[in-house]
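Trainee: Sharing a structure with you now.
The values are calculated or read from the model by the stated rules, or taken from the named source; none is laboratory data. Just so you know, these numbers come straight off a predicted model, no measurement behind them. Glycine also receives a Cβ, built like all others from the backbone with ideal geometry; neighbour counts cover every protein chain displayed. The protein model used for the area step is the full one, side chains on, heavy atoms only, and it has no ligands, DNA or RNA in it. Shrake-Rupley method; radii C 1.70, N 1.55, O 1.52, S 1.80 Å.
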Amino acid sequence: MGYRVAVVGATGAVGREMLATLAERNFPADEVVALASGRSTGAEVSFGEKGTLTVRDLAKHDFSTTDIALFSAGGDVSREYAPKAGQAGCVVIDNSSAFRMDPDVPLVVPEVNAAAVARYGKKNIIANPNCSTAQLVVALKPLHDAFGIKRVVVSTYQSASGAGKPGMDELFNQTRAVFVNDPIEREQFTKQIAFNVIPHIDEFMDDGFTKEEWKMRVETRKILDPDIELVAHCVRVPVFIGHAEAVFIETKKPIDEQSARAVMSDFPGLLMVDHRADEGYVTPVECAGEDAVYISRMRVDPTVKNGLIFWCVSDNLRKGAALNAVQIAEELIANHLKKAA
Ligand code: A2P
């Protein structure tokens, strides 16, 4: 017997990808329900190659009839509905930032800390990390295990889809407007995103970092190791899908390229594409629609004692969101959730 699954935010960029991922991976579901706001009730969304689902109103859904709900409708919706769903006996896998740092909520990237799923029962909520954090911790985990990471410096190049479908639409519309000489209209991003880059994602904090940069630090420490120091500088770039990161690490043990390549090549979810030649590296356009976290441009950092630099690229809607959520659900049903026969 399969599970009764709901996707909350099913009309959004990540919600649609969640539905696609559930279908692609043949998640053992008896029922998949697509939920969104009342505005979308009756709309149709794709499910799998040929299927469609009719969107229902989240506000009217009875979560006692659902085993697992994947939420991606923003923090406010999660704060209101995830605890209610959890209390009704449904396990929520939440893609928003609402519960990530809650000590009673595990924050999980299955390749890195699958065992943390065991603690889901306190609130019946499991958090999915920020998209930039998810791909980063997959890259860091084998290096941390082998060499002990002390410090990480990371600069991100984050795509418009990190701001959902409205973010992608804004990039498209502004790009068009530039060509036809229309006025640039701006709503999702703080400055023009077409033909520009913006060093500002999420709100500013008192110390000058942005919330996105803070999330990368605290989430990496929660998932991987609270002793790792990490500073991030996050930038939005005019790319539709795929986040890239320039990563600089310092390790406790001596590190060299060959050993770093060996441990990363063996790690699930990571793919090394690193040839010192034209096109011998991966860019966001090539990773869109793919599951892997790609590593390129690896070299030793000669300016610190044990340092390594690499380029890390992944589809932010997949490993950064939908795929990771479905992988958490797979871990949950394989090792934790008991389904009544
Ligand atoms: P809707 O299309 O009905 O507004 P994105 O991040 O791509 O913008 O997607 C956000 C998702 O969250 C959409 O599916 C959106 O549905 C959903 N959503 C937003 N607000 C609510 C709400 N109050 N209740 C339920 N779903 C919501």
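Trainee: Just checking, how many residues over the stretch 19-52 are more than 18 Å from ILE93 (Cβ to Cβ), assigned to a strand (DSSP E or B), in contact (Cβ under 8 Å) with a residue 12 or more places away in the chain and within 14 Å of the ligand (Cβ to nearest atom)?
Mentor: The total comes to 2.
Trainee: At least 3 residues that are assigned by TED's automatic domain parsing to the domain that holds LEU270 and in contact with a strand residue (DSSP E or B) (Cβ under 7 Å, 6 or more places away or on another chain) in each: list the strands (runs of 3 or more DSSP E) lying fully within the stretch 84-171 that qualify. I'd like the intermediate steps shown before the answer.
Mentor: Details: elements: 91-94, 125-127, 149-158.
Correct list: 149-158.
Trainee: Okay, moving on. Is the stretch 188-211 home to any residue that is open to solvent by 70 Å² or more (accessible area, probe 1.4 Å), of a type in the set (S, T, N, Q) and touching a residue at least 24 places away in the same chain (Cβ under 8 Å)?
Mentor: Yes, the stretch 188-211 contains at least one residue that is open to solvent by 70 Å² or more (accessible area, probe 1.4 Å), of a type in the set (S, T, N, Q) and touching a residue at least 24 places away in the same chain (Cβ under 8 Å).
Trainee: Let me ask another. Name the residue, out of GLU290, GLU330, GLU279, that is outside any loop (DSSP other than H, G, I, E, B) and out of contact with any Ser or Thr (no Cβ under 6 Å at 6 or more places or on another chain).
Mentor: On the way: GLU290 fails: outside any loop (DSSP other than H, G, I, E, B); GLU279 fails: outside any loop (DSSP other than H, G, I, E, B).
Within the list GLU290, GLU330, GLU279, the selection yields GLU330.
Trainee: Open to solvent by 40 Å² or more (accessible area, probe 1.4 Å) and in contact with an Asp or Glu (Cβ under 6 Å, 6 or more places away or on another chain): does that describe THR65?
Mentor: On the way: open to solvent by 40 Å² or more (accessible area, probe 1.4 Å): yes; in contact with an Asp or Glu (Cβ under 6 Å, 6 or more places away or on another chain): no.
Considered against the rule, which asks whether it is open to solvent by 40 Å² or more (accessible area, probe 1.4 Å) and in contact with an Asp or Glu (Cβ under 6 Å, 6 or more places away or on another chain), THR65 comes out as no.
Trainee: So, in the stretch 53-64, how many residues would count as being more than 12 Å from the ligand (Cβ to nearest atom) and either touching a Lys or Arg at 6+ places or on another chain (Cβ under 9 Å) or in a helix (DSSP H, G or I) (or both)?
Mentor: Result for the stretch 53-64: 2.
Trainee: Hey, among VAL300, VAL304, VAL235, which residue is aliphatic (A, V, I, L, M) and over 30 Å from PHE204 (Cβ atoms)? Please lay out each step first, then the result.
Mentor: Numbers: VAL304 fails: over 30 Å from PHE204 (Cβ atoms); VAL235 fails: over 30 Å from PHE204 (Cβ atoms).
The match here is VAL300.
Trainee: Taking the conditions exactly as written (within 16 Å of the ligand (Cβ to nearest atom), acidic (Asp, Glu) and at pLDDT 95 or above), does GLU170 satisfy them or not?
Mentor: yes
Trainee: Also, I was wondering about something else. When ASP291 is evaluated against the numbered criteria (1) crowded, with 21+ Cβ neighbours inside 10 Å; (2) charged (D, E, K, R); (3) free of Cβ contacts under 8 Å to residues at least 60 places away in the same chain, which criterion, by number, is the only one it fails?
Mentor: Checking ASP291 against (1) crowded, with 21+ Cβ neighbours inside 10 Å; (2) charged (D, E, K, R); (3) free of Cβ contacts under 8 Å to residues at least 60 places away in the same chain, the one that fails is (1).
Trainee: Does LYS222 qualify as being within 25 Å of ILE149 (Cα to Cα), among the charged types (D, E, K, R) and open to solvent by 80 Å² or more (accessible area, probe 1.4 Å)?
Mentor: Details: within 25 Å of ILE149 (Cα to Cα): yes; among the charged types (D, E, K, R): yes; open to solvent by 80 Å² or more (accessible area, probe 1.4 Å): no.
Spelling it out, it is not the case that LYS222 is within 25 Å of ILE149 (Cα to Cα), among the charged types (D, E, K, R) and open to solvent by 80 Å² or more (accessible area, probe 1.4 Å).
Trainee: Write out, first by first residue and then by second, each pair whose Cβ atoms fall under 6 Å of each other, whose residues are 6+ apart or on separate chains, and whose first residue, in the stretch 95-115, is over 21 Å from GLY162 (Cα atoms) and at pLDDT 95 or above while the second is open to solvent by less than 30 Å² (accessible area, probe 1.4 Å) and of a type in the set (Gly, Ala, Ser).
Mentor: Correct list of pairs: VAL105/ALA127; PRO106/ALA116.
Trainee: A further question follows. Need the failing condition index for GLU245 against (1) within 19 Å of PHE147 (Cα to Cα); (2) part of a strand (DSSP E or B); (3) open to solvent by less than 30 Å² (accessible area, probe 1.4 Å), just the number.
Mentor: Just one mismatch for GLU245, condition (1).
Trainee: GLY75: more than 16 Å from the ligand (Cβ to nearest atom), over 23 Å from LEU224 (Cα atoms) and open to solvent by less than 40 Å² (accessible area, probe 1.4 Å), yes or no? Steps first, please.
Mentor: Details: more than 16 Å from the ligand (Cβ to nearest atom): no; over 23 Å from LEU224 (Cα atoms): yes; open to solvent by less than 40 Å² (accessible area, probe 1.4 Å): yes.
For GLY75, the condition - more than 16 Å from the ligand (Cβ to nearest atom), over 23 Å from LEU224 (Cα atoms) and open to solvent by less than 40 Å² (accessible area, probe 1.4 Å) - is not met.
Trainee: In this structure, does GLY121 turn out to be more than 18 Å from the chain's Cα centre (by Cα), farther than 26 Å from ARG39 by Cα and small (Gly, Ala, Ser)? Walk me through how you get there before you give the answer.
Mentor: On the way: more than 18 Å from the chain's Cα centre (by Cα): yes; farther than 26 Å from ARG39 by Cα: yes; small (Gly, Ala, Ser): yes.
For GLY121, the condition - more than 18 Å from the chain's Cα centre (by Cα), farther than 26 Å from ARG39 by Cα and small (Gly, Ala, Ser) - is met.
Trainee: Right, next: Restricting to the stretch 269-325, name every residue that is at positive phi and touching an Asp or Glu at 6+ places or on another chain (Cβ under 6 Å). Please lay out each step first, then the result.
Mentor: Of all residues in the stretch 269-325, those at positive phi come to 269, 279, 289, 297.
The answer is GLY269, and nothing else.
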